[in-house]
1. Indicate the gyration tensor shape class of region 143-214 (rounded, prolate or oblate), computed on the Cα atoms with a ≥ b ≥ c the square roots of the eigenvalues: a/c under 1.5 is rounded; otherwise a/b larger than b/c is prolate and the rest oblate.
2. Shape verdict for region 78-205, please, from the Cα gyration tensor: rounded (a/c under 1.5), prolate (a/b greater than b/c) or oblate.
3. Based only on Cα atoms, what Rg/Rh ratio does region 1-122 have, Rh being taken as Kirkwood's radius?
4. For the chain, compute the number of Lys pairs whose alpha carbons are separated by less than 27 Å, excluding pairs fewer than 8 positions apart on the same chain.
5. Which of Gly151, Gly90, Gly103 moves the most in a Gaussian network model of the chain with Cα springs under 10 Å?
6. Quick check: from the Cα gyration tensor, does region 7-57 come out rounded (a/c under 1.5), prolate or oblate?
7. Hey, could you pull the Cα Rg and Dmax for the chain, both in Å?
Amino acid sequence: MAAELSAHHRRLARQKREAITTAATELFLDRGYDGTSLARIAEAAGVSKSTLFKQFPTKAALFEAIVTESWQRDAGDAAERPQTGDLRSGLTTVGHRYADLIGRPGMTALFRIVIAELPRFPELGRMQFQLGKLPYFTSVQHYLESEHEAGNADVPDAASAANQFLGMIANYVLWPRMLLTDWKPAASDIHDAVEQAVQTMVARYAPTRLPDPKPER
């Protein structure tokens with residue numbers, strides 16, 4: 001019984017946390033970061049102020065949680081880890097996972113909040129970069145470095161290669177969505193954009209192999 005109550009309480013706490021972060025994101029986008037109070041967020045989320053303050057004592061802590069959770073949405077999905085030993089397969093996994101992540105409306109909203117509030121609250125930009133994009137970028141960089149060290153790819157500058165790959169995908173999936181309210185590419189178009197990015201990377205970074213020596217006569 002105690003275990004069931006504990007699980008129930010954890011589930012309720014998780015639901016309240018999701019309600020808070022969802023309400024906060026919507027209010028930040030609608031009223032701006034500065035124009036949104038924790039009290040208003042609690043009201044919109046349907047929780048008490050004490051419940052909100054217990055989880056997020058400051059507005060900055062709440063925004064930090066939104067950024068971190070947005071970028072780590074797929075961190076626990078072991079089935080989607082890139083396959084080692086096959087550069088094309090590994091990049092395909094990384095590319096489609098990234099496209100799914102940045103293509104979510106919630107991620108677009110998060111970027112819009114940061115950009116809108118950046119002149120007055122530069123710390124929001126630092127949070128977005130240091131807690132969100134940088135760790136994600138580093139994970140792709142480490143994957144490319146490990147493939148290079150294993151001889152499965154020829155990537156002398158993994159940081160530059162990771163920038164190229166993620167940039168090709170974001171340039172189609174994310175940035176038009178930031179400026180064009182009617183930008184809603186079909187799933188097949190996003191799939192093709194990722195596949196083109198993978199093809200470009202494989203053409204550039206696939207390991208070079210010397211031709212087999214000619215047999216002696």
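The numbers here are math on the coordinates, done by the rules we state, and not lab data. Keep in mind that what you see is a predicted model, and the values were worked out from it rather than measured.
1. prolate
2. On the way: a/c = 2.36, a/b = 1.48, b/c = 1.59.
Since a/c reaches 1.5 but b/c is at least a/b, the shape of region 78-205 is classed as oblate.
3. Numbers: Rg = 17.6 Å, Rh = 16.4 Å.
Using Cα coordinates only, the ratio equals 1.07.
4. Working: Lys16/Lys49; Lys16/Lys54; Lys16/Lys59; Lys16/Lys133; Lys49/Lys59; Lys59/Lys133; Lys133/Lys184.
Lysine pairs satisfying the spacing and distance rule in the chain number 7.
5. Maximum fluctuation in the GNM of the chain, among the listed residues, is at Gly151.
6. On the way: a/c = 2.75, a/b = 1.93, b/c = 1.43.
Prolate, because a/c is 1.5 or more and a/b exceeds b/c.
7. 21.5, 86
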